[in-house]
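A.B. asks: Sending over a structure as structure tokens; questions will come in a sec.
The values are calculated or read from the model by the stated rules, or taken from the named source; none is laboratory data. A quick note: this is a predicted structure, and the numbers were derived from the prediction, not measured. Glycine gets a Cβ as well: all are built from the backbone with ideal geometry, and neighbour counts include every protein chain shown.
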């Protein structure tokens, strides 16, 4: 067994192709910029007007350079694709690191292909999600996000080594290093190298995706529940309530996030039980939200109202006691709780929700103030509908476009926040494979061994980029309505 | 206008008071005080000893009273040690022979003593703010022109290739938090084993082992491009994308206005239309955005100063928070809150001045 190279057996043919294409691309882009500048200087640009504003139509040399650049980009992508696909075909020894990594991700590729085939096939019946398939930006974003979601789901099938296991002699080894004295049947390489404690960087990155995707979307959902439940009445009723809530929201927003984290996410804070009080307040909002939602809708039909509100309260308060107070009543029946949260995790979760909800509050409040001046709201008021019915069933659905876009952006922001927490070593155990703390652990030896920090950094960046692109695509498509 | 400003300043002071009280309360929670006592006196104190240490150092009163003392609206605590020496908040570090004042809080200009740095807070703060000031200055010099140019270029012709390329770049930078871009920059430009430095070294184009320096510690004595370039780039990059996107949105909106079309139809060259008719109106919104970007920069400063080991405000904040240095933390939060609120105020006032369509009575 030898160390792997990045490209494996395909390298000698395809790397020169990529190099040449990259040089050609650089020359073409530089030339294209020069041509545009020349056109700009002589004032010949943008003669033809098409569309709402003035569009330039490339001609002559510029057009040729565009074509060259496109061919070069195509060649580079094709070569990278071939290197990756080689992982499926070549024999064990001649696969490269990229080929192996591509192969290890096979459940993700399969799931992605199935999802996209079905989505494109039925896109006309899928509403906003289906429309996303018309926007290339949105599709790329969705692809990246789904890649990480599926990675999190199939993480245990993808990893090559135990993410916490420390193998001797593998400290800070370069990517593709072969495992010394491997056990029988185990994977023989550290694909993306080893970290400062001789753990496999690749497997830790994959498990990190699971950690991040467990917390970030859930925290964002809770922040939205809090923001929506408070923002609706603040925008709709206005007055003193609005002044008070807005003041509180601005107060939290004026707090530097990192200072707040340093104050809230500490072991001492867990001792005082303050996170539990926070949780007691913040986790109540989803229960309130759904109870009011069903109550206002089915008020005229008491049996159904009682059923829905009753079920909401039962399930909601059950989860609430478990999550916020770690006192799930089921524990006394079957011996172990169904809803529970580790105190440190609870602290991180609550802090992230707390930091995020004022932003949601402001957006919801602004949207409500805009929408409540519409005629259909006035019509509802004239019909004698209750304020909460109007807010939850008439205003909120009409504000969904911007809210969905903000939701995507905010998951990305929450991911960044969680990474920040990990980067400062707050609230997570040093064993944890989440990306922020892995970056933090890797940065001490950054200039000698960059790979333990760069791999999770790129992973985090790509997830947030995917979410931002997805939000952009959604915004574009929802504006077309 | 005057009433508006006065009202805003009133809200500002109220906000600052509430926020500092929150910080004060959180840093003065019993477990934090116990940690402080153990780190100041001895790590192996019993609970009773901790209590007596806290009592003899003025921590026995209620939080509200001590907050008043810190603020300088209540007289500082006094007491005597076990051997009969008089102690008190205002007695410490007063030159012999002088009568100590009875009030010594922030309002009297006394920021207290930093337990981590073993120096008066005001000295530490002044020094670190000086360092951070340089960082911020260069970040602004790099960030503002770059982002405005990018935004105007891409907003000038919506949907063109330039626009798509620049927008993608802008989205990519907003998706890259400082701790990611910093790590990647160091790996690319300041690593002796990876990135471009080994190659440049082999070609004989650079003298040292790396192109840039991976730490900015030496920048505190003298700024050079090579020790300060990476921190500045790291902070600026995150802001560039955001401001460029806002500028682009504002520019595309202006470009669809009737007066731009009229100017084009009159036969004014496109160049002139952009420079004379569109640019000024398009730059109103980015001004507000740049001002509101300051609080974000504060986050970036904390991360980057920690990553590059540059002993400015952010680094000080992290040290103070990590060791529960109460006075230092309070001073840091006052500065941070002040920056946030003042930039908000400036952005509101500036918006009114720049935009002729808004007039406050």
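A.B. asks: Within the range B:291-312, work out how many residues are part of a loop (DSSP other than H, G, I, E, B) and either within 10 Å of chain A (Cβ to nearest Cβ) or under 13 Å from the mean Cα position of the chain (by Cα) (or both).
C.D. replies: 2
A.B. asks: Now for a separate question. Among the candidates A:209, A:249, single out the residue that is within 30 Å of residue A:173 (Cα to Cα) and in a helix (DSSP H, G or I).
C.D. replies: When all the criteria are applied, what remains is A:209.
A.B. asks: Residues in the range B:5-16 that are without any contact (Cβ under 8 Å) to a residue 60 or more places away in the chain and either exposed (fewer than 13 other Cβ atoms within 10 Å of the Cβ) or more than 11 Å from chain A (Cβ to nearest Cβ) (or both): how many?
C.D. replies: Total satisfying the criteria: 5.
A.B. asks: Look through A:198, A:110 and report the one residue that is part of a loop (DSSP other than H, G, I, E, B) and more than 27 Å from residue B:171 (Cα to Cα).
C.D. replies: The match here is A:198.
A.B. asks: Right, something else. Hey, any hits in the range A:234-242 for a residue that's modelled with pLDDT of 85 or more, in the same structural domain as residue A:429 (by TED's automatic domain parsing) and under 25 Å from the mean Cα position of the chain (by Cα)?
C.D. replies: Within the range A:234-242 (the criterion being modelled with pLDDT of 85 or more, in the same structural domain as residue A:429 (by TED's automatic domain parsing) and under 25 Å from the mean Cα position of the chain (by Cα)), the answer is no, since none of the residues qualifies.
A.B. asks: Condition first: within 14 Å of chain A (Cβ to nearest Cβ) and in contact with a helix residue (DSSP H, G or I) (Cβ under 6 Å, 6 or more places away or on another chain). Now tell me which residues in the range B:213-230 satisfy that.
C.D. replies: B:213, B:214, B:215, B:216, B:227, B:230, listed by residue number.
A.B. asks: Within the group A:154, A:187, which residue is touching a helix residue (DSSP H, G or I) at 6+ places or on another chain (Cβ under 9 Å) and either under 30 Å from residue A:410 (Cβ atoms) or in the same structural domain as residue A:449 (by TED's automatic domain parsing) (or both)?
C.D. replies: The unique qualifying residue is A:154.
A.B. asks: Being at pLDDT below 90, closer than 28 Å to residue A:260 by Cβ, buried (at least 21 other Cβ atoms within 10 Å of the Cβ) and in contact with a helix residue (DSSP H, G or I) (Cβ under 6 Å, 6 or more places away or on another chain) is the requirement here; does residue B:344 meet it?
C.D. replies: no
A.B. asks: Scan the range A:64-75 residue by residue and report those that are surrounded by 19 or more Cβ atoms within 10 Å (Cβ to Cβ) and in contact (Cβ under 8 Å) with a residue 40 or more places away in the chain.
C.D. replies: Matches in the range A:64-75: A:69, A:72.
A.B. asks: For the structure I just gave you, tell me whether residue A:335 is touching a helix residue (DSSP H, G or I) at 6+ places or on another chain (Cβ under 8 Å) and more than 19 Å from residue A:214 (Cβ to Cβ).
C.D. replies: No, not satisfied.
A.B. asks: Check B:353, B:338 and return the single one that is touching a residue at least 40 places away in the same chain (Cβ under 8 Å), farther than 23 Å from residue B:228 by Cβ and surrounded by fewer than 22 Cβ atoms within 10 Å (Cβ to Cβ).
C.D. replies: Checking each option against the conditions leaves just B:338.
A.B. asks: Return the residues of the range A:89-102 that are assigned to a helix (DSSP H, G or I) and either under 19 Å from residue A:143 (Cβ atoms) or without any contact (Cβ under 8 Å) to a residue 12 or more places away in the chain (or both); say none if nothing qualifies.
C.D. replies: A:89, A:92, A:98, A:101, A:102
A.B. asks: Given the residues B:200, B:188, which is the only one that is within 13 Å of chain A (Cβ to nearest Cβ) and surrounded by 15 or more Cβ atoms within 10 Å (Cβ to Cβ)?
C.D. replies: B:188
Residue-wise test of (1) more than 9 Å from chain A (Cβ to nearest Cβ); (2) outside any helix (DSSP H, G or I); (3) in contact with a helix residue (DSSP H, G or I) (Cβ under 6 Å, 6 or more places away or on another chain).
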{"residue": "B:280", "(1), (2), (3)": "yes, no, no"}
{"residue": "B:289", "(1), (2), (3)": "yes, no, yes"}
{"residue": "B:317", "(1), (2), (3)": "no, no, yes"}
{"residue": "B:320", "(1), (2), (3)": "no, no, yes"}
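A.B. asks: Is it fair to say residue A:318 is in a helix (DSSP H, G or I), under 29 Å from the mean Cα position of the chain (by Cα) and either in the same structural domain as residue A:422 (by TED's automatic domain parsing) or under 22 Å from residue A:232 (Cα atoms) (or both)?
C.D. replies: Yes; evaluated as a whole, the condition is true for this residue.
A.B. asks: Every residue in the range A:440-481 that is within 15 Å of the chain's Cα centre (by Cα) and either facing chain B (nearest Cβ under 7 Å) or closer than 14 Å to residue B:184 by Cβ (or both), please.
C.D. replies: Residues satisfying the conditions are A:456, A:457, A:458, A:459, A:460, A:461, A:462, A:464, A:465, A:468, A:469, A:472.
A.B. asks: Can you say whether residue B:73 is within 13 Å of chain A (Cβ to nearest Cβ), under 25 Å from residue B:109 (Cβ atoms) and either touching a residue at least 12 places away in the same chain (Cβ under 8 Å) or within 30 Å of the chain's Cα centre (by Cα) (or both), as far as the supplied structure shows?
C.D. replies: No.
A.B. asks: Out of A:412, A:427, I need the residue that is within 26 Å of residue A:258 (Cα to Cα), touching a residue at least 24 places away in the same chain (Cβ under 8 Å), within 9 Å of chain B (Cβ to nearest Cβ) and in contact with a helix residue (DSSP H, G or I) (Cβ under 8 Å, 6 or more places away or on another chain). Which one?
C.D. replies: A:412
A.B. asks: Still on this structure: Checking residue B:233 against (1) at pLDDT 85 or above; (2) in contact with a helix residue (DSSP H, G or I) (Cβ under 6 Å, 6 or more places away or on another chain); (3) more than 14 Å from chain A (Cβ to nearest Cβ), which test does it fail?
C.D. replies: Of (1) at pLDDT 85 or above; (2) in contact with a helix residue (DSSP H, G or I) (Cβ under 6 Å, 6 or more places away or on another chain); (3) more than 14 Å from chain A (Cβ to nearest Cβ), only one is false for residue B:233: (2).
A.B. asks: Select, from A:51, A:87, A:62, A:8, the only residue that is within 14 Å of another protein chain (Cβ to nearest Cβ), in contact with a helix residue (DSSP H, G or I) (Cβ under 6 Å, 6 or more places away or on another chain) and at pLDDT below 85.
C.D. replies: A:62
Condition check ((1) under 23 Å from residue B:273 (Cα atoms); (2) modelled with pLDDT under 85) across all residues:
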| site | (1), (2) |
| --- | --- |
| B:155 | yes, no |
| B:158 | yes, yes |
| B:162 | yes, yes |
| B:168 | no, no |
| B:171 | no, no |
| B:176 | no, no |
| B:180 | no, no |
| B:184 | no, no |
| B:187 | no, no |
